[in-house]
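The values are calculated or read from the model by the stated rules, or taken from the named source; none is laboratory data. Everything numeric here is computed off the predicted structure, so don't read it as measured data. Note: ideal-geometry Cβ built from the backbone for every residue, glycine included; neighbour counts use all protein chains shown. SASA here: full protein model, heavy atoms, side chains in, ligands and nucleic acids out. Shrake-Rupley method; radii C 1.70, N 1.55, O 1.52, S 1.80 Å.
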Amino acid sequence: MPQSTPSKTSLPVDPALQMIAEGICELLGFGIAAINVVRGDEVEMVAVHGFTSGLNAHGQRETAEEILGTRWPLSDMQGNLSRGENWGAWRFIPHERVNLHEGSWVSTTNMIDAPDAWHPHDMLLAPIIGEDGSIKGCLSVDMPISGRRPDFTQRRVLNRFAKRAQRVVLGYLERERLYERAANLETAKEFLRDASSKLSLADVLDASHDSLIRGLGADGIWMATKGPHNEMVVHATPGLNWDPDPGLASLTSRNSSRYWAEGTYSIMSRQQIVESAEWSEQAAVAEKFFETLGADSALVVPVGADHEWLGHIVLLRSPGRPSWTDAEGRLAMELGRDFGRIVLTANAYTQERDLAQQLADADRERNRLIEAVARELRIPVNALGTSLNALGAEKPNTLPWIVQVETLTVRSAQIEGIVSDLLLLSRIRDPANAPGETTIEVSEMLHDVLDELDPDAAQKDIECVLTTPTGPAYVVADPRELRAAFLHLVKNALTYSYRGSRVQVMLYSAGAEVTIIIADTGVGISDEEQEEVFKPFFRGSNSALGGSRGAGLGLTLVDQIITNRHNGLVELDSSPGEGTRVVLTMYSA
């Protein structure tokens, strides 16, 4: 008994979700199936398939297509789920426990006369649970073709289907979130568009030079201020050929920082510098500074804004010019405060411009990723649709029917693998998702990986040999990510190895390093393609030796996991026709 309410949206139906709804009806024998997702405190029907109609709460007849996009309170779904019988992934709510409400939709099919007959008010729901344990939506089916409640065998099939469907629905919600994020980025780009035309800090310093010279009566200026990334940006009057001495620069920064805190400045001359306690530790260098620049006196003014010190300005006067006065010092202090605000503004503009560039890069990456995902999913999705059509033309449980079901299973697993890799890539690329830190005994994990892939190796008569050190080898890593890296490398070795050959997995531990080597004697990779294999969706020209190639994300994930997430090293050595050797180096625990 799907549920509906007059509130509707008009979003296009996702093809993958619609295929699931159709599969439930055509493969599992139901008259109508719906997929619903949570939207805040409501539930929305985002896909539906069926060829019958029913009555809504107002007694009006609606077809399956007419109820698409309807919404109803999430609390109604939760209430009915809480009253249901546990059928594994599904909850069966018999009609006597169902809470009919404004959004209910009831079929008008007559019941058969049997003890296990399906009642028009019966509900069968499969809640979709996210990684955080919250309900993200549900599958809903009604009107079994047999007219009976599913028996034990049918429930097992329903449970297997629900688990696969749940992954697809969660992937759909993740894509929605990525599209929403992309829309937000587009809005941010519009907001930041003007930043690209603003002056950088270096431009501000250059543009300010002449006005500072004229306004303060200086013959030369030396400025050092904090840049947008906290680095020191230096500017000097053209012709002042002075290679900054690190000691003098550090001392000037310390002194001018103190000047800012105290609200003061410093006047120096070549004669006074030798006698000054403030500059005594760098007196010889300061004397050379005056001599090289041809200056006789200097006014050191701190630059800052509010309570933040941002740098300093050194104003120079040549011999024969009047020395700096306190009145000029106080004027220069006001200039230092004004200039500090300009520095902050310039840095903000620079940061925004950098962010705009990052957003543009992210936009291009998003478009490239969407195109690649669409390209990779098109073949298995089209094949899945072809198999579904072919399945409908075959009699159940015949050999052709079984072959089509097996094809559907393979294509579904292929789509599931691509989606799983994409979700893992998204997670490990998100700086907010730090990797877990668990002490892992590497040889045990490698044993588990080889055991999992043993059927694949046996199918091609490939011998997988694991060589480990005499003692245990430990690393601190995220177990899920490290296992994924090992799985992808061994799968690659099996996929591109000749029948009857050998894949070697070697583990070494020496000092602070743990080394894992996966080597095969398969088709190998050309020198040109070795530079490309770590890029997302890149697939080389060599054909897989049996089975099918993946989506081209395996080595991308390995590199991201080992290098970026765990500060390790990935090295690849391969020769066409001779095989491939991948070496992972990680720090031991």
#### Entry: Karplus 3J(HN,Hα) series, Hz, for the stretch 506-514 with 6.51 cos²θ - 1.76 cosθ + 1.60 (x for Gly, Pro)
10, 10, 10, 9, 9, x, 8, 10, 10
### Message
If amide hydrogens are placed 1.01 Å from N in the peptide plane, which non-local residues have theirs closer than 5 Å to the one on Lys136?
### Response
Ile128, Ile129, Gly130
### Message
Assuming 0.36 nm per residue, please report the length gained on full extension of the stretch Glu262 to Lys535 beyond their Cα-Cα distance.
### Response
92.9 nm
### Query
Once you put a point 7 Å from the Cα of Leu100 and another 7 Å from the Cα of Glu26, both along the Cβ direction, what distance in nm separates them?
3.4
### Query
Quick one: how many Å² of Arg97 are accessible to a 1.4 Å probe, rounded to 10?
100
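By accessible area of protein heavy atoms, probe 1.4 Å, what ranking do Ile24, Ile525 get, highest first?
The ranking, largest first, comes out as Ile525, Ile24.
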### Summary
Residue separation between Thr563 and Asp527 times 0.36 nm, minus their alpha-carbon distance, gives in nm 10.8 nm
### Message
How much length would be gained if the chain were fully extended between Thr153 and Leu355, taking 0.36 nm per residue of separation minus their Cα-Cα distance, in nm to one decimal?
### Response
67.1 nm
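Could you sort out which of Lys136/Lys460; Lys163/Lys491; Lys226/Lys288 sit more than 31 Å apart by Cα distance in this structure?
Beyond 31 Å between Cα atoms: Lys136/Lys460.
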### Inter-label distance for Met111 and Arg39, nm, one decimal - labels placed 7 Å from Cα along Cα-to-Cβ
3.4
